[in-house]
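Structure first, commentary second.
The values are calculated or read from the model by the stated rules, or taken from the named source; none is laboratory data. In this text, all values refer to a predicted model and were calculated from it rather than measured experimentally. For neighbour counting, all protein chains shown are included, and Cβ atoms are generated from backbone atoms with ideal geometry for every residue, glycine included.
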Amino acid sequence: MKARLIVRHAGAIAMLSSVVVVSACGLSPDSSPRVIPDAQQQDLIDLPSGASETTGTGRIYLERTDETGRSLLSAVARELGSEPISVLRSLFSGPTDDEQELGLRSAIPRDTKALSARFVANDFVRVDVSSDIFGATGDDLVSAVAQIVLSLTEIDGVERILISVEGRSQEWPRGDGSLTAEPLTEFDYPGRAASSQPPYPGIVIGPANS
């Protein structure tokens, strides 16, 4: 009888300990082991170094001049969703005061408006902007278009961008100066972004390799 009571008390203590651990963790117990989805694991471990509420987890591209006098595009952090229109509006708002002090600017004319931006397919976004974008000419127009394309291709899965002006199709310059009315990709602007440059204030830098 005594041995049976001891076993019963031990079982009760073990059960109580399990309840306390589960309650403290805020999780419900599983009847069997389960695999955590990759997306959830990424949310836990794939964080940019130095990220904070004020920097954000999205990126847009702004222009700067390097030490040789060449214009390059640099990625800067923004608090963005995955909707193309939110990326476009943030891009068109230009650099913050602090970013301007660091020498960042936008080739997109200030009055340019984002009229619409929507998914046509999972990897394809169609954008409509106001005619104010033509306030940029020559290399400035190449940079302006590259800013739009590179910023939108930061959205997971997006690869192709088609830009129209007030509902009308247009030809746009690639990085080599050739014109196309076809959807644009980041590969149309090789060397335009400063991805291979040393760290620059305001650039988003990923976690260091261990």
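With respect to being out of contact with any strand residue (DSSP E or B) (no Cβ under 8 Å at 6 or more places or on another chain) and on the phi < 0 side of the Ramachandran plot, residue 183 falls outside the description. Going by the structure shown, is residue 137 modelled with pLDDT of 95 or more, within 17 Å of residue 71 (Cβ to Cβ) and among the hydroxyl-bearing types (Ser, Thr, Tyr)? In short, yes.
Just one of the listed residues (101, 79) is farther than 16 Å from residue 59 by Cβ and either in contact with a strand residue (DSSP E or B) (Cβ under 9 Å, 6 or more places away or on another chain) or surrounded by fewer than 20 Cβ atoms within 10 Å (Cβ to Cβ) (or both), namely 101.
A quick yes/no check of all residues on (1) at pLDDT 95 or above; (2) surrounded by 11 or more Cβ atoms within 10 Å (Cβ to Cβ):
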residue: 162; (1), (2): yes, yes
residue: 194; (1), (2): no, yes
residue: 198; (1), (2): no, no
residue: 202; (1), (2): no, yes
residue: 205; (1), (2): no, yes
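Yes/no matrix, rows are residues, columns are (1) surrounded by fewer than 17 Cβ atoms within 10 Å (Cβ to Cβ); (2) closer than 26 Å to residue 77 by Cβ:
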site: 137; (1), (2): yes, no
site: 144; (1), (2): no, yes
site: 150; (1), (2): no, yes
site: 158; (1), (2): no, yes
site: 166; (1), (2): yes, no
site: 172; (1), (2): no, no
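Within segment 136-150, the set of residues being farther than 13 Å from residue 185 by Cβ and either aromatic (Phe, Trp, Tyr) or in contact (Cβ under 8 Å) with a residue 12 or more places away in the chain (or both) comprises 136, 139, 140, 141, 142, 143, 144, 147.
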